[in-house]
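The values are calculated or read from the model by the stated rules, or taken from the named source; none is laboratory data. The shown structure was predicted, so the numbers you read here are calculated from the model rather than taken from an experiment. Cβ: placed from backbone, ideal geometry, glycine included. Neighbour counts: every protein chain shown.
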Amino acid sequence: MIELSSPSEVPKNVFSLLKTLAESFCKGYVETALETSLAQFSSYDLKAEPSLKPMTVIKTADMAMHLWQRYVTTAIVPLAAASVNIRREMSIFNNHILVRIENKINSVAQKALECVLSWLSSSLGKQKKLDFKPKNDELDFSRTHTEACAACSDFLNTTRTIVNQSLSGKNSEIFLSEVGVVFHSFLLEHLKKFPVSAMGGLMLTKDLTMYQDTIAKFNIPGLNERYEMIRELGNIFVVQPSILKSYLGESAMLGRIDGKLLRPFFLMRVDYGDHSKKFWDEIVGESKQQELGAGGGGHVDRGLWLGITGS
């Protein structure tokens with residue numbers, strides 16, 4: 001078509017060619033694949049563990065659009081060099097395509113994130129009420145972690161693997177950071193729901209150590225401090241009441257937290273009622289500035305992704 005055109009018609013025909021290629025490749029191939037992936041995530045009812053495989057389409061779409069951008073820039077746009085106006089229109093048209101596909105990629109990533117967080121919340125919800133307050137005849141010293149912990153840790157490992165296969169560089173870090181930060185907040189609320197005995201506290205500390213080890217594999221420094229704090233928080237359930245105050249003072253993480261924020265966790269100790277309110281008030285001590293969960297990386301904006309032309 002280009003070779004048969006008169007010189008004055010070439011820019012206009014090149015633009016028509018770009019539109020035809022965009023309809024076939026960008027919309028017919030890339031966008032269709034992303035929409036299919038989005039539909040798969042949207043159809044999950046979360047009664048069973050969601051598959052994150054549909055997320056892998058993101059990497060293919062990203063690579064395809066990088067190649068598309070290079071092709072348009074080096075092979076298509078130069079053919080319209082004779083018309084500045086048409087070249088400008090082509091650039092605007094192509095940018096709209098890139099933005100539209102970036103938005104679809106963001107939608108797939110966001111829906112995948114929602115599925116991950118929903119399943120983690122659901123898995124924590126399966127924690128048995130007396131997991132951390134076992135009766136003497138229910139003690140199982142061969143068990144290293146509770147079922148809820150094992151389920152969450154396995155899914156976190158699966159998530160890490162799929163995300164690293166699907167997203168590159170900073171985008172992978174953003175996604176996993178969000179998972180780590182939100183799961184950390186889940187755990188803080190989780191620890192306020194279950195009574196903890198001395199023996200049950202040992203199981204709890206094993207669970208929290210496993211969570212810390214699992215998140216450490218994300219290889220995101222900003223999460224490490226949060227989960228070190230969670231591990232230290234778990235120790236308040238196994239430390240003898242008589243040395244709790246000194247433990248808090250020596251703790252690198254808990255020592256910086258407003259003591260009043262720790263009271264809901266003390267309340268879950270089965271021996272809480274064995275001591276006076278004054279006793280616990282003295283342990284809580286003076287208020288400090290830092291809030292529970294602060295530090296170690298800020299909360300990630302879920303809408304932040306680098307885009308096709310970033311990287």
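The set of residues in the stretch 100-131 being farther than 14 Å from ASN171 by Cα, touching a Phe, Trp or Tyr at 6+ places or on another chain (Cβ under 7 Å) and part of a helix (DSSP H, G or I) consists of LYS111, CYS115, TRP119, LEU120, SER121, SER123, LEU124.
Within the stretch 242-264, being of a type in the set (Ser, Thr, Tyr) and farther than 17 Å from GLU225 by Cα holds for SER242, SER246, TYR247.
Being in contact with a helix residue (DSSP H, G or I) (Cβ under 7 Å, 6 or more places away or on another chain), crowded, with 17+ Cβ neighbours inside 10 Å, outside any helix (DSSP H, G or I) and not assigned by TED's automatic domain parsing to the domain that holds ALA151 is not true of PRO54. Counting residues in the stretch 115-125 that are at pLDDT 95 or above, among the β-branched types (Val, Ile, Thr) and on the phi < 0 side of the Ramachandran plot gives one or more. Just one of the listed residues (ALA64, ALA82, ALA48) is within 23 Å of ALA22 (Cα to Cα) and outside any helix (DSSP H, G or I), namely ALA82.
Scan the stretch 143-161 for residues that are among the β-branched types (Val, Ile, Thr) and surrounded by fewer than 18 Cβ atoms within 10 Å (Cβ to Cβ) and jot them down. Across the stretch 143-161, the qualifying residues are THR144, THR158, THR161.
Would you mind finding the one in LEU244, LEU262 that is part of a helix (DSSP H, G or I), assigned by TED's automatic domain parsing to the domain that holds LYS135, at pLDDT 90 or above and touching a Leu at 6+ places or on another chain (Cβ under 8 Å)?
One residue alone meets the criteria, LEU262.
For the stretch 209-219, the candidate set comprises residues that are surrounded by fewer than 21 Cβ atoms within 10 Å (Cβ to Cβ) and of a type outside the set (S, T, N, Q); within that set, the residue that is farthest from the chain's Cα centre (by Cα) is MET210.
Which one of LEU223, LEU191, LEU156, LEU176 is within 25 Å of ARG269 (Cα to Cα) and modelled with pLDDT of 95 or more?
Step by step, each of LEU223, LEU191, LEU156, LEU176 is checked, and only LEU191 is within 25 Å of ARG269 (Cα to Cα) and modelled with pLDDT of 95 or more.
LEU79 passes every criterion in (1) under 23 Å from SER51 (Cα atoms); (2) surrounded by 12 or more Cβ atoms within 10 Å (Cβ to Cβ) apart from (1).
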